Every structure is written in C-alpha cells, then in structure tokens.
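Chemist: Dropping the structure in here first, questions after.
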Amino acid sequence: MYSVNYHRANSVDDAAKMAEAGDAKFLSGGMTLIPAMKTRLAAPSDLIDLTHISELKGITISGRTVTIGAGTIHYDVATHTDLKALCPALCHLASHIGDPAVRHRGTIGGSVANNDPAADYPSALLAMGATIITNQREIAAEDFFTGLFETALEEGEIVTAVTFEVPEKSGYAKFPNPASRYAMTGVFVAKGKDGVRVAVTGAGDNGVFRSEPLETALATSFDAKALEGLSVPSDNLMGDLHASPEYRANLIVVMAKRAVLAANG
Amino acid sequence: MGIEGIGARVVRKEDKRFITGGGRYVDDMVVPGMKHAAFVRSPYAHAEIENIDLTKAKGMPGVIGILTGKELKADGIGNLICGWMIHSKDGTPMKMGAWSPLAIDKVRYVGDAVLIVVADTKGQARDAAEAVEITYKELDAVTEAVDALKPGAPQVHAESDDNLIFDWEIGDGPATDAAIAKAAHVTKVKIHNNRLVPNAMEPRAALGQYDKAEDHYTCWTTSQNPHVARLVMSAFYNVAPENKLRVIAPDVGGGFGSKIYIYPEEIVCLWASKKTGVPVKWVADRTESFLTDAHGRDHVSEVQMAFDADNRIIGLKVDTIANLGAYMSLFSSAVPTYLYATLLSGQYAIPAIHGNVRTVYTNTAPVDAYRGAGRPEATYLLERTMEIAARELGVSPAELRRKNFVTSFPHQTPVIMCYDAGDYGASLDAAMAASDYAGFERRRAEAKARGKLRGIGMSCYIEACGIAPSQAVGSLGAGVGLWESAEVRVNAVGTIEVLTGSHSHGQGHETTFAQLVSDRFGLPMEQVSIIHGDTDKVQMGMGTYGSRSGAVGMSAIVKALDKVEAKAKKIAAHMLEADESDIVIEDGALKVAGTDKTIPWFQLALAAYTAHNLPQGMEPGLKEGAFYDPSNFTFPAGCYICEVEIDPDTGKTAIVQFVAADDFGNIINPMIVEGQVHGGLAQGIGQALLEGTSYDAASGQLVTASYMDYTMPRADDLPSFVVSTTVTPCPGNPLGIKGCGEAGAIGSPPAVMNAITDALGHEDITMPATPHKVWAAAMKH
C-alpha cells in the first residue's frame, strides 16, 4: 500500500468538504478499495471514511417503501426482521454477499457506488426500480449504473441512501464464480405494479442490465415454466477464464428460473 | 498402548501456539538494525534486459542499497542448480540452463527476480523498486510444453536449442510393444495433469543477517529442510562455508513441497546483508507466491494399456511430456522420472512396462515437487486408464482391478520398485463396503428422477514414501543421501530432548515424535521436547518431504532410543545388582523383572550424570545419536471411492460421498493421520474440481495470479470424508510405518474424475472439472 491520508468524517457535509482536496476516495467498508490499495492497484492521496457517519446507517420502512442508509452493512440488511417479512429476496441477497467478514464491513452504499459488474446489489436495485439518493440529488437505478465500475455519480457526490417500493414478488438467484465467489451470473426478478423486471449481474460486459426476453416471457406468466426452452443471446456477455458468454447466457436463464421459483415461494 | 503412547489420539501439542497467534514464523523474527527488501521482478515472460537505470530509485527515501545480478556474479555467488542428474536415453546429461539468482541479461518468466532493493521500511523498498527503470526487449514466449517442443518455438535457454531438457526412458520398450501387438484389447487414453500453485498459508520469507565481527551468516527461512538449504547454499552457491552459515527454519506455515527448494531470495538476502551491512528481511506477498513458488504437475501423456483375452494387463506404454518451467528447480528432474515412472505398475502385476518422459523448458514458473510429487501423476494416469478400460471391456471397474492386483510380496515391478507388503483387496473391500458400492445404481436412478446426473468412481493408488535408500538414489542420480538423523538427550533429571533432522511445517512432529519417546520409557509427554529446524542446534539432517518423517525420521529416533535404552539398562543393572537382561523399562522406571527392585527414570538419569556409581569404564551421561538409512521405500496404498452428483443445468458438481480406505502400516496417532488424509483429499479434490493454473499463451502472463481467479478448495466444496485404515505393517522399518502425508492428494483426483465421467457417460473432460467445463461436457453428448 502507498501511504495515504486518512480522514474520519462525522457527517455527510463534513465528508463532502474533505473530498475537495487532493485525489480523495470515499471509504464505505473498503471491501474492494482496500484490497486494491494493498496490491497498489489503487493509490488515492486521501481516504475519507464514511463508516462513522450515523445519519447514513439504518433501515426505515414506511408502508411498502423501504429506505436503506448507504452506510448500512450487509449483515444488517440480511437480518432485518421487518424487511425480511416484506422483501425476503433482498435479505437473501445480502446474506450471500462475500463471507461473514465482508458482510460485517461492506455497505450497500459502498457496493452501489463501486458498481462492480459482479456485485449483487445493483441487480436488485435495477429490478426493483430503486432510487439512489445522494447528497445532491435523486437518481433512478436505471440511470445510475452506467458501466463497469461506472455510475452517474459526480466527483465528490456521496450516496446517502437507496429507496424502493417493495414489489409484489421478488427473488434472487446467483451462480458464484468458483474462485472469487462473486456472482458469475446473478438474476433478480421483481413483479411490481409496473410489470416484471429482470436484472442480471455478473454476466454483462457493461455491467448490470435488464433482460428483455426474460421480462417478456415472465410478463405473460410469472412462472418458471414460462422460461422453459427460452434462450437469451450471448452477445454483450462477459467471457473469461471461468465462463464463456454462452455459458453465462445459459446461467442467466437457469438463475432466472430459480429466482422466479424463490419469488413464488 | 498408553493414553499418550503409540496408537493414541493425542491432541497436537503445537496447536495451542498456532491457533492463538503464538507461532513464531520468519516474518515474526526481528533482529537489531533489520531492514526490508523488495525484489524487482520481470513483468515479461521472456525478454532481454537492455538497460537498468537506478538513478531515480537510488534517490528514493529510505533506500540503503539496490543490487544487481552483475554484482552478485562478481562476488562469486553461484547459479541455482538442479540436484538430481538425469541422463537422456542416448546417454547425454540433462541440459541445465543457467539460473542466476538475479537475472543478468535475460528474463525467462513473469516474476523472474532482477534486482533487490533494501530500504528502511517495506513500503520504501517497494516504492524504490517501482522507481527502477529497466529497458526490456520483449521476446516471444512459450507456456505449454507441447508447444515448446515444436520447431521454431521460442528458445528459453542457450543450453537447449529445442527446449528439451532430457528424453528419458524406463522399462522394456520392445517387450511392451510386443505385448501391445498381441493384445486382445488396448485401451488408449490421453491424459492431462493440470498445473497447480502450492498456496502454502505462510508465504515464503527470508531474513539474512551477516555478522562482520564473526564473519558469520544467519538465515531464517521458510524451509522444509534447513540443513539441505545450508549445504546447497554453501557447496554450490558460495554464500559461505557451512561452519559460517546458520540456517533456521522456525515455525513454517505449510510447504507441500514448495519449501524444499532453495530459491533466489534467501541467497540474495544473505549476500545483500553483507553488501549493505544491515540484516535484510524479505517476505513474499501473495502475488509473489503465485508467480514464483515452484508450481506442481503439468504433464501431458499418452497411454496404451494392453489386456489379454482374460482381461489381465499384459503391457503398459506411457509417453509423457512434463513442463519444468523456465528453470530447473532443485529436484525438478526427479519428479517426472524416478518419483513418477517407477510407480507406473500401480497395484497391478504388469509384466511389461515402458515409460518415456520428455522434460521441457517454457516461460513459466519453475515446476517441482508438490504434495505427492510424481505419484499423483502416475496414479491419475493409471487409475483413469483402468476405469476407462473397464468401461470399454464392459466389466466392473472393481473386479478388473482386483483381477490384476499384486497379491504376493515382495513383488518386483518392471520399473525398479519392489513392493514389500500390502493387501490391496482389503482396501478395495473396505472402500466398497463403506460406500455401498453395490447400491449405487439405485442412487443413480433416484438422482435421475430429480434431474441430476450421479456417478461413481474409484481409484486404487499405491505410492512410495520414506524417501529413500541413499545408495539407490545415488545410483539414480541424486546429489544427496536421503537418510535421517536423530539425537536423544536425556537430561540429568530425566527430561528428554529429541533433536531430529526432520522438519515440521504442519505435520505434528512435536506430538507424534514425543508419543514415540513417551511410549518407549513410560514417561509423560510433557517431559519430552522435540527440537528441529536449526542447523546450530541439530546435527545434519535431510528434512521433511515425501512422507519421510515417520518412516525415516522416526526410525532414526528409534535407533537412538535403542542406544539410550541399552546404556540405561546397563546402569540400572549395575545399581540394582542384577543382570542386564533382567532389566525392563515400564511406567517411567527401570525394574528387575519379577522383583520389586526398581529405579525411577529420573534417578537413573541423575546417576548417569553424577557418575558416582557407574559400571567400570562407562562414560558419564545419557545422550545418543543415530543415523538411519532406509533399506527401501515404503508403499502406502489404498482405495478411494467418490460419488458425485452433477447439476446439468449449471455444470456444478457436488461430491456427495468420499470414502478413503488406506493402508499406512502401523499408526502412531490416528487423529493426526486422519487430519493428513483430510488435507490431502482437499488438495486432490481441489486439483480435480477447482484448481487450474492458467498462463496467457500469447503474453506468458499468469492469469490465475490471485484468489480472485485461482480457486482454492473451501470447506463447502468438500463433503464429510469417510476414512478408515487397514494395516499391513511395513517390514522395512522398526515401527512398521509407511507414511500418510500425501496419499489423499495422490489417490483422490482419479476417483473424482472417474465419478464425473461416469455421470457424464463419456471421457471427454480434463481437470479441473469446473462448472463451465462440466456443463459444456454434459451438453456435448
């Protein structure tokens, strides 16, 4: 690791001010950033630690509207009793991110802002039509995730919360990369008042995306059987040591079926 | 057997310090004035070094020194060598390419060490290392052995114009060809044995300290064999004479073979300590481990197994190409030859065998012994072939094996080895019973109803441990003898220190060796200490690898204990006025058998050291040493049965049952043996399902250089193992033990792959059988 200046922010405003100097990075768990710094692949001049800002933590539920503070760790999402009753798919997703150490450090805001193409949360937020709230504005998930590790966030902009209306039904299934255990293909399905939305993570060569053929098939019948015999194109899917685009295309359909089965309980 | 003696499940004495953070590893060592090193390594697989500019780096904060290969050479430090001479079948010696500890003109793999930077802190050393400016002229690289042999392939070393190191053979070619020609059936198989990264939990490390006043060096290093390290660094690398070089291998966090060898870093740290005047410590990061620890396996073989009309094997022909990487590591030549092809007879009576092995340079990390070292390669090849043969012949894989088992001993194979004892049928029966082999088809049908592909596969392995009779290995080209040493020091009040030439890096010697002593004299284990790993404390020894510490290391201890016992009995007989032959040792006392005359052990020890009343002419003291040279290898064997269930939708393979029935001869501590089997199985299953080392063919970059891409087995990849043992004592050593450290890694890969191919219904898949490959294979047929 290169030497770096560490700053602990006590409020979002505080953090935003700190970020004005140097080549600063926000730290919200550091599950990606710290390993990258340790291997000298990332070299920010300043680290601004958001994890001690109390206003960023916690889950509030109002009717079917859920708001999760950006600093909420995965473990707290996974084990939140009221959220589990309302949206078990999201708790299931959170309970399968990384390992226990990651789930007690990593945060939803950190995950969303990093937008790793194999991260779990982006698929849920995209499928549920969530809104990402920052210290400057509100951004629809659709517009937020723009590419590999790319988001709509401006320089110095801080994710403060995500909010969504819980869909009528939702489910998540992922096939982990055997080595990293990140999603090699993860599919989140949501059936809400605006219809069925299917978001795929871990497979797209430009990050999380919605699968139109799957949404069309499930719009007719929200049943795993509706996906029998269906195939999705392998264009624009990632190919690497662990999975070819064709294999990922297969996994998208298989995981979608499993997600629908989970959604239908 | 007492509660702490031979055969008892004694909890490991060393574990408390390991699991409470009390272990002392090389990185825990701090000496006054110590500074830190970073190595500048080649970013290219193959390149000429055109220019090195240190101007900027030398001005970096904290820099003490930056040293080059030219300076190293000028100071007379020698090239790294391979210590086992192999001759090609035409009589020419192997073509060993020069391996300078720091590359001088040319780099040959990604990670090849070029410079050492010494600075006040580790961070400063790395910063300065990044500031070094080296101009390379990149050359074409070759990573696969088969490609390296093709005409026009990039030439890795000047010493071999075709990248061929040697072309070696064993056995009887004409007799084997004749057997194949007259066979009723010939099974032909192409075998890939995948390359593996060892992944010891503790990365390699070295701390070199030069004492100017004494003109003496101390090297703390992660070694499985500190005396061999001293010998080689002294005799071949000219670091210092043996009496001026102390090598200490303290607690070492796993080796699996990769810490046998002497690497550039420990040599360079010692030399750099003298050059810079400060002690120099280097600790590999995980990336350096991936890039530069000697890798394992990487064979491509073609096999022909010939059967007569009665399904008896009449001949076996094997043609193997082995990738040895960019340089010949210390024992790299022995692994694909005498540790591999000498086991091509397996558990079977095969009248004619011919093995041909070509070893090849490529622009990849050096390849050497890795848990099993040659025996996994032989076992995988044979046991895949046997299973395929049974399928082709339409007979039970179990019965085809049983029909061909060696059943009388000693059995001389056509490939040097002479098996001393075993009961292969007993292991097969035990494994088949434990796995309910007979009930498999019912389980397959049940799985099919759930949409799953279920398969079963077995592997009957034999391996050679307890390496090795010195004269025999010497005649085959080894540069060292492979005996072991021990010294038993009984202190004046009866506590005992055992100094062993073996080295423990996870095996539990502090427990098992103490059990042996405790058993012999009826003393509590707390009174016995096992000392190892320091050339200033322990007499010359050969270290730990090839499951030799029990069969060879403990045998040396037994010999020393015999001498101690003989002297103690003489003293007791004198003091008790009895005949020496009437003295027995039990429950911590020497007694005159059949009487109440007794001397407690501590009193006997005290008498030996006060020397007030010893037999006429006897020297005071009670301390004996011994060297033990084995008369043969030992031959652990067993049968493993694996049952898998494949999800054809995703290609994910679940191991639903794994049965291991081993014959390790007599067992000192069953708990430790089971732990060794579990660990070996995890590595073997890792090889079969998960672990694949991948170099980019065009650039020679290691693609699997971190745990993001290299799949280590995790607990949830593995089932609960069903392990058991049968016993045929080894007739060759005093304890009748064979060794258990590698069996799991040797026997399991073919069992897993036989199960997967059984489930798939075809043989068209290689290790590691990742979900992607299994899915594609399931689609194919």
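All of the numbers you see were taken from the coordinates with simple rules; none came from a lab. Not measured: the values here are computed from a predicted model. Ideal geometry is used to build each Cβ from the backbone, glycine not excepted, and the neighbour counts take in all protein chains shown.
Chemist: Give the whole-number value, in cubic angstrom per residue, of the convex hull volume spanned by the C-alpha atoms of the protein assembly as shown.
Modeler: 196 Å³
Chemist: Sorted from largest down, give the three principal axis spans of the alpha carbons of the stretch B:368-482, whole angstrom values.
Modeler: 59, 33, 26
Chemist: Continuing with this model, one more query. Run the quick spin-label model on B:K563 and B:K70: label points 7 Å from Cα toward the beta carbon, then report their separation in nm to one decimal.
Modeler: In this crude label model, B:K563 to B:K70 measures out at 5.3 nm.
Chemist: Which order results if B:C219, B:C642, B:C418 are arranged by neighbouring Cβ count within 10 Å, fewest first?
Modeler: B:C418, B:C219, B:C642
Chemist: How many Cβ atoms of partner chains, on average, are near each residue of B:709-716 if near means within 10 Å of its Cβ? List each step's numbers first, then the result.
Modeler: On the way: counts 7, 3, 7, 2, 1, 3, 0, 1.
Mean shielding by partner chains, rounded to a whole number: 3.
Chemist: To continue, here is another question. Which order, highest average first, do A:58-65, A:219-226, B:603-610, A:100-107 follow once you tally other Cβ atoms within 10 Å for each residue and take the mean per peptide?
Modeler: So the peptides A:58-65, A:219-226, B:603-610, A:100-107, ranked by packing, come out B:603-610, A:100-107, A:219-226, A:58-65.
Chemist: If every alpha-carbon in the stretch A:54-165 counts as one equal scatterer, what log10 I(q)/I(0) does Debye give at q = 0.12, 0.14, 0.22, 0.23 1/Å?
Modeler: Taking Cα atoms of the stretch A:54-165 as identical point scatterers yields -0.35, -0.49, -1.29, -1.42.
Chemist: If you build the convex hull over the alpha carbons only and average its shadow over all orientations, what do you get for the stretch B:252-391? Give it in nm² to one decimal.
Modeler: Details: hull surface 42.1 nm².
With the hull built on Cα positions only, its mean projection is 10.5 nm².
Chemist: Hey, another quick one. Taking Cα centroids, how far is the stretch B:445-474 from the stretch B:381-396 in Å?
Modeler: First find each Cα centre; the distance between them is then 13 Å.
Chemist: Ok, one more. How large is the Kirkwood hydrodynamic radius of the stretch B:595-653, in angstrom, based on all distinct alpha carbon pairs?
Modeler: Radius from the Kirkwood sum: 18.5 Å.
Chemist: Applying 1/(1 + (r/R0)^6) with R0 = 45 Å to the Cβ-Cβ distance of A:D235 and A:T60, what FRET efficiency is obtained, to the nearest 0.05?
Modeler: 0.65
Chemist: I need the phi-derived Karplus couplings for the stretch B:752-759: 6.51 cos²θ - 1.76 cosθ + 1.60, θ = phi - 60°, integer Hz, Gly and Pro marked x.
Modeler: Along the stretch B:752-759, the couplings run 5, 5, 5, 5, 5, 5, 5, 5 Hz.
Chemist: Within the set B:K537/B:K563; B:K559/B:K591; B:K122/B:K652; A:K38/B:K259; B:K95/B:K317, which residue pairs have Cα atoms separated by over 32 Å?
Modeler: Result: B:K122/B:K652 exceed 32 Å.
Chemist: Compute the Rg to Rh ratio over chain A from the alpha carbon atoms, using the Kirkwood formula for Rh, and round to two decimal places.
Modeler: Value, to two decimals: 0.97.
Chemist: While we're on this one: Just rank B:V186, B:V752, B:V232, A:V112, fewest to most, by other beta-carbon atoms within 10 angstrom.
Modeler: On the way: B:V186 18, B:V752 29, B:V232 22, A:V112 26.
Neighbour counts put them in this order, fewest first: B:V186, B:V232, A:V112, B:V752.
Chemist: Please give the peptides B:375-382, B:208-215, B:305-312 ranked by average Cβ packing (other Cβ atoms within 10 Å per residue), highest first, as a rough proxy for protection.
Modeler: For the peptides B:375-382, B:208-215, B:305-312, the packing ranking is B:375-382, B:305-312, B:208-215.
Chemist: Taking 7 Å along the Cα-to-C-beta vector as the label spot, tell me the B:V395-B:V703 distance in nanometres, rounded to one decimal.
Modeler: Placing both labels 7 Å beyond Cα along the Cβ direction yields 4.1 nm.
Chemist: Right, next: About the Cα centre of the protein assembly as shown, how large is the charge dipole given +1 on each Lys and Arg Cβ and -1 on each Asp and Glu Cβ? Please answer in debye to the nearest 20.
Modeler: Here the size comes out at about 800 debye.
Chemist: Hey, which of these cross-link pairs are over 25 Å Cα-Cα: A:K84/B:K448; A:K84/A:K191; B:K35/B:K56?
Modeler: With Cα atoms farther than 25 Å apart: A:K84/B:K448.
Chemist: Under 20 Å Cα-Cα from B:K567, which aspartates and glutamates qualify once same-chain neighbours fewer than 8 residues away are excluded?
Modeler: Qualifying aspartates and glutamates at Cα under 20 Å: B:E487, B:E497, B:D519, B:E577, B:D579, B:E580, B:D582, B:E586, B:D587, B:E619, B:E624.
Chemist: Can you give me the three principal axis dimensions of the stretch B:483-628 from its C-alpha atoms, in Å, biggest first?
Modeler: Taking max minus min along each principal axis of the Cα atoms, the stretch B:483-628 gives 47, 28, 23 Å.
Chemist: Here's something else I'd like to know. With contacts defined as alpha carbon pairs under 8 Å and 6 or more residues apart, what's the relative contact order of chain B in percent?
Modeler: Here the relative contact order equals 16 percent.
Chemist: OK, next. Given labels modelled 7 Å from the Cα in the Cβ direction, how far is it in nm from B:I19 to A:D13?
Modeler: Reported label-point gap for B:I19 and A:D13 is 5.2 nm.
Chemist: Find the relative contact order for the stretch A:169-263 and round it to a whole percent, using C-alpha pairs within less than 8 Å whose residues are 6+ positions apart.
Modeler: Relative contact order here is 34 percent.
Chemist: Which whole-number percent is the relative contact order of the stretch A:5-49 (Cα, under 8 Å, 6+ apart)?
Modeler: Result for the stretch A:5-49 is 57 percent.
Chemist: Return the Rg/Rh value of the stretch A:169-263, two decimal places, where both radii are evaluated on C-alpha atoms and Rh is the Kirkwood radius.
Modeler: Ratio of gyration radius to Kirkwood radius for the stretch A:169-263: 0.95.
Chemist: Under 21 Å between alpha carbons, and skipping anything fewer than 8 positions from A:K17 in its own chain: which lysines qualify?
Modeler: A:K25, A:K57
Chemist: Related question: Please give the Cα centre distance for the stretch A:15-31 versus the stretch B:548-575, rounded to the nearest Å.
Modeler: 68 Å
Chemist: Here is a follow-up. Pull out the extension gain between B:L476 and B:M671, defined as 0.36 nm times the separation in residues minus the alpha carbon to alpha carbon distance; nm, one decimal.
Modeler: Answer, rounded to one decimal: 66.6 nm.
Chemist: Determine the distance separating the Cα centre of the stretch B:301-336 from the Cα centre of the stretch B:250-278; give it in Å without decimals.
Modeler: For the stretch B:301-336 versus the stretch B:250-278, the Cα centre distance is 34 Å.
Chemist: Still on this model: How high is the FRET efficiency from B:T598 to A:I34, r the C-beta distance, R0 56 Å, rounded to 0.05?
Modeler: Efficiency, rounded to the nearest 0.05: 0.30.
Chemist: Once you sort the root eigenvalues of the Cα gyration tensor of chain B as a ≥ b ≥ c, which label holds: rounded (a/c under 1.5), prolate (a/b larger than b/c) or oblate (the other case)?
Modeler: oblate
Chemist: Need the list of aspartates and glutamates near B:K70 for cross-linking: C-alpha distance under 19 angstrom, and skip anything on the same chain fewer than eight residues off.
Modeler: Straight-distance partners of B:K70: B:E48, B:E50, B:D53, B:D105, B:D112, B:E133, B:E265, B:E266.
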